[in-house]
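Below is one structure; the comments refer to it alone.
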Amino acid sequence: MGKTLFDKIWDNHLVSQVGEDTQVLYIDRHFIHEVTSPQAFAGLEKRGIPVFRPQQTVATADHNVPTKDQHLPIREELSRFQVDKLTENCEKFGVELYGLGHPYQGIVHVIGPELGITQPGMTIVCGDSHTSTHGAFGCIAFGIGTSQVEQTLATQCVLQRKPKRMRINVDGELQPGVTAKDIILYIISQLTASGGTGHFVEYAGSAIRALSMEGRMTICNMSIEMGARGGMIAPDDTTFEYIKGREFAPKGADFDTAVERWSLLYTDEDATFDQEYHFLAEDIEPMITYGTNPGMGIGISQAVPEVPAGNVTFENSLKYMGLQGGQAMKGQKINHVFIGSCTNSRIEDLRAVAAFVKGRKKADHVNVMVVPGSKQVEAQAKAEGLHDILTAAGFDFREPGCSACLGMNEDKVPAGEYCVSTSNRNFEGRQGPGARTILASPLMAAATAIYGELVDVRELLNQN
Amino acid sequence: MEKFQTLHSSAVPLPIEEVDTDQIIPARFLKATTRKGFGDNLFRDWRYQNDDTPKPDFVLNNPAYDGTILVAGRNFGCGSSREHAAWALYDYGFRAVVSSFFADIFRGNALNNGLLPVQVSEAFLHDIFSAIEQDPQATFTIDLEQQKFTIDATGQSTGFEIDAYKKHCLLNGQDDIDFLLSIKDKIETYEQQRQAAAV
């Protein structure tokens with residue numbers, strides 16, 4: 001019987017079996033950041049052991065960094081201490097660090113791919129649940145806790161139970177104005193926030209194939225939001241073209257050899273999945289969320305669902321959001337727009353936003369924050385003139401970091417106010433205590449910024 | 001990691017579904033560089049007002065309930081991979097979380113810190129909530145060796161699943177890292193084989 005893409009990569013990284021269920025999996029690349037690594041390094045120190053394979057480990061500072069004046073010392077004391085601790089640990093243990101001020105610094109899931117560190121067929125871990133992003137290149141990439149960060153630093157391996165396999169097919173053509181972000185928000189709304197738990201997802205079908213690498217990363221990024229361990233897409237010419245010429249990608253003849261090897265990474269026709277779903281691209285509208293988990297999403301033309309009888313969780317969620325069952329979301333007044341995060345802060349996202357915004361101004365009552373995913377994205381946005389377009393529209397163009405996606409630094413949304421956000425989570429308080437998050441695509445976020453309320457971007461595109 | 005002993009305790013009910021790790025410990029409290037002290041901010045925004053005064057209607061602020069077992073609705077621990085969520089629950093004093101469904105990463109993080117995730121059926125979870133509703137001090141017994149959860153008042157019990165290897169680790173207070181370090185020769189052999197295959 002044939003093998004799935006997932007099984008091919010997994011089996012190739014299997015070091016040993018422990019009992020019936022648990023396996024030792026070898027890790028090719030380990031990304032670390034300031035928030036989930038200090039306790040792991042402290043563990044190594046306590047045991048008096050080194051980082052086993054420092055050359056397979058890369059660090060950056062992203063979660064807890066300011067997105068203004070990054071050339072100055074970090075003002076907030078605890079944040080500064082945490083970022084300094086990362087620098088100290090990387091020096092002590094010989095790990096490459098792209099810290100603040102470095103031209104490669106940025107959100108860990110943006111810099112890995114853009115530097116060519118992420119390559120097909122690899123196993124990749126990071127102490128961050130959105131590590132699934134790297135699956136867009138045909139990798140097994142997943143988030144781990146700090147104990148497993150320590151395991152990986154110490155042995156370049158993690159202990160894992162092999163997940164089940166799921167395939168999600170999206171076929172057909174997207175409507176104009178509908179993007180990769182809408183595809184994944186739609187899938188999660190159909191499968192719920194726990195629909196993928198225990199599974200590793202492969203995304204397939206003509207609508208997925210047609211996506212750019214940026215779009216594929218957005219899809220794989222949010223796999224965790226339906227509970228899946230990770231998501232992946234078989235590599236193809238789009239993948240190879242993206243990797244070619246990047247800093248740490250194989251060069252010349254080595255690249256050709258690598259492409260030959262990478263071309264074998266696909267699911268065999270007769271392979272089977274534990275779970276399979278089919279969706280049609282034509283059915284997908286621009287999506288938004290109305291509740292407090294990413295499964296609570298609807299098309300922009302739809303109304304907020306009525307509270308199912310006796311469902312306290314759902315009722316609490318609408319109450320928190322200040323919304324009522326049956327109400328339309330279109331026309332909802334919005335005060336904040338956040339364009340950024342590991343889901344949507346890449347150059348293609350900023351291009352889409354700038355193309356819509358060009359020559360327009362934001363609505364007076366809206367604060368718009370644009371946080372590029374990396375120093376490289378920032379530099380490119382400036383070189384392409386995107387920065388000027390966005391600034392002229394009244395958008396606040398900032399420096400790279402995770403920013404208001406999780407509100408660890410000072411970039412927060414005030415209590416009770418609505419924020420249309422291109423990030424990945426609309427949990428209570430995620431963007432600041434009491435903040436009300438509505439997840440959407442960069443294009444929908446751009447339109448919200450201009451009109452000051454939720455609009456159906458499909459109705460506006462022909463006006464451009 | 002401390003050894004997991006048989007638990008005999010009252011329980012704290014949290015009949016909410018989809019409790020994500022941002023609720024368990026909000027990101028703004030993840031700035032510490034040690035594993036201690038996160039219990040103070042466990043369920044911070046449900047537990048305290050913005051001015052840090054306790055919200056009287058939240059269960060952790062209700063003196064009627066206590067114990068080392070937390071009982072919560074389905075899909076507990078979804079969202080971020082932050083192990084701080086498991087640390088916060090443990091630091092607060094919980095030793096087991098009972099739910100009808102756990103998010104994968106949280107389950108793994110809990111097991112790596114001596115916090116036992118006990119998954120029971122939706123119906124049994126309902127029975128546990130009912131038992132606590134009838135008597136907030138109702139006690140429960142969690143026998144890891146036998147993989148059995150019992151409602152003491154009624155004697156009603158259910159089995160629960162746990163990976164054999166993780167069970168061994170919990171019962172003996174062993175970390176994964178001890179194990180991985182003990183098979184380092186195997187890891188090096190794997191690396192050499194891969195390198196040879198690539199040439």
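The values are calculated or read from the model by the stated rules, or taken from the named source; none is laboratory data. A quick note: this is a predicted structure, and the numbers were derived from the prediction, not measured. With ideal geometry, Cβ positions are generated from the backbone for all residues, glycine too; neighbour counts draw on all protein chains shown.
Here is how the numbers come out for the structure above:
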{"quantity": "Options A:135, A:94; residue that is touching a helix residue (DSSP H, G or I) at 6+ places or on another chain (Cβ under 8 Å), farther than 25 Å from residue A:254 by Cα and assigned by the TED database to the domain that holds residue A:263", "calculated": "A:94"}
{"quantity": "Residue list for the stretch A:4-32, restricted to those being part of a loop (DSSP other than H, G, I, E, B) and either within 9 Å of chain B (Cβ to nearest Cβ) or surrounded by fewer than 17 Cβ atoms within 10 Å (Cβ to Cβ) (or both)", "calculated": "A:13, A:19, A:20, A:21"}
{"quantity": "Number of the exception - residue B:110 against (1) hydrophobic (A, V, I, L, M, F, W, C); (2) more than 11 Å from chain A (Cβ to nearest Cβ); (3) surrounded by 18 or more Cβ atoms within 10 Å (Cβ to Cβ)", "calculated": "(2)"}
{"quantity": "Search result, residues across the stretch A:306-332 that are of a type in the set (Ser, Thr, Tyr) and in contact (Cβ under 8 Å) with a residue 24 or more places away in the chain", "calculated": "A:317, A:320"}
{"quantity": "Boolean, residue B:122 is over 18 Å from residue B:11 (Cβ atoms) and of a type outside the set (Ser, Thr, Tyr)", "calculated": "no"}
{"quantity": "Candidates A:127, A:106, A:138, filtered to the one that is farther than 30 Å from residue A:67 by Cβ and in contact (Cβ under 8 Å) with a residue 60 or more places away in the chain", "calculated": "A:138"}
{"quantity": "The one condition in (1) among the β-branched types (Val, Ile, Thr); (2) closer than 27 Å to residue A:224 by Cβ; (3) more than 11 Å from the chain's Cα centre (by Cα) that residue B:53 fails to fulfil", "calculated": "(2)"}
{"quantity": "Helices (runs of 4 or more DSSP H) wholly inside the stretch A:33-149 that include at least 3 residues being of a type outside the set (D, E, K, R) and surrounded by 24 or more Cβ atoms within 10 Å (Cβ to Cβ)", "calculated": "A:77-93, A:108-114"}
{"quantity": "Which listed residue, of B:116, B:89, is within 14 Å of chain A (Cβ to nearest Cβ), touching a Leu at 6+ places or on another chain (Cβ under 7 Å) and within 26 Å of residue B:41 (Cβ to Cβ)", "calculated": "B:89"}
{"quantity": "Selection count where residues are in a loop (DSSP other than H, G, I, E, B), surrounded by 16 or more Cβ atoms within 10 Å (Cβ to Cβ) and either in contact (Cβ under 8 Å) with a residue 12 or more places away in the chain or small (Gly, Ala, Ser) (or both), scope the stretch B:173-183", "calculated": "1"}
{"quantity": "Cβ-Cβ under 6 Å pairs, at least 6 apart or on other chains, the stretch A:86-103 side under 18 Å from residue A:31 (Cβ atoms), far side in a loop (DSSP other than H, G, I, E, B) and of a type in the set (Asp, Glu)", "calculated": "A:86/A:34"}
{"quantity": "Residue among B:17, B:83 that is acidic (Asp, Glu), buried (at least 22 other Cβ atoms within 10 Å of the Cβ) and within 20 Å of residue B:128 (Cβ to Cβ)", "calculated": "B:17"}
{"quantity": "Residue count for the stretch A:303-320, restricted to those that are within 26 Å of the chain's Cα centre (by Cα) and away from every other protein chain (no Cβ under 14 Å)", "calculated": "1"}
{"quantity": "All helices (runs of 4 or more DSSP H) inside the stretch A:201-305 with 1 or more residues being free of Cβ contacts under 8 Å to residues at least 24 places away in the same chain and over 17 Å from residue A:135 (Cβ atoms)", "calculated": "A:237-243, A:252-262"}
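Residue-by-condition table, conditions (1) part of a helix (DSSP H, G or I); (2) more than 16 Å from the chain's Cα centre (by Cα):
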{"site": "B:129", "(1), (2)": "yes, yes"}
{"site": "B:154", "(1), (2)": "no, yes"}
{"site": "B:171", "(1), (2)": "yes, no"}
{"site": "B:185", "(1), (2)": "yes, yes"}
{"site": "B:190", "(1), (2)": "yes, yes"}
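Yes/no per residue for (1) out of contact with any strand residue (DSSP E or B) (no Cβ under 9 Å at 6 or more places or on another chain); (2) at pLDDT 95 or above; (3) within 30 Å of residue A:227 (Cα to Cα):
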| position | (1), (2), (3) |
| --- | --- |
| A:392 | yes, yes, no |
| A:404 | no, yes, yes |
| A:418 | no, yes, yes |
| A:422 | no, yes, yes |
| A:428 | no, yes, yes |
| A:445 | no, yes, yes |
| A:453 | no, yes, no |
| A:463 | yes, no, no |
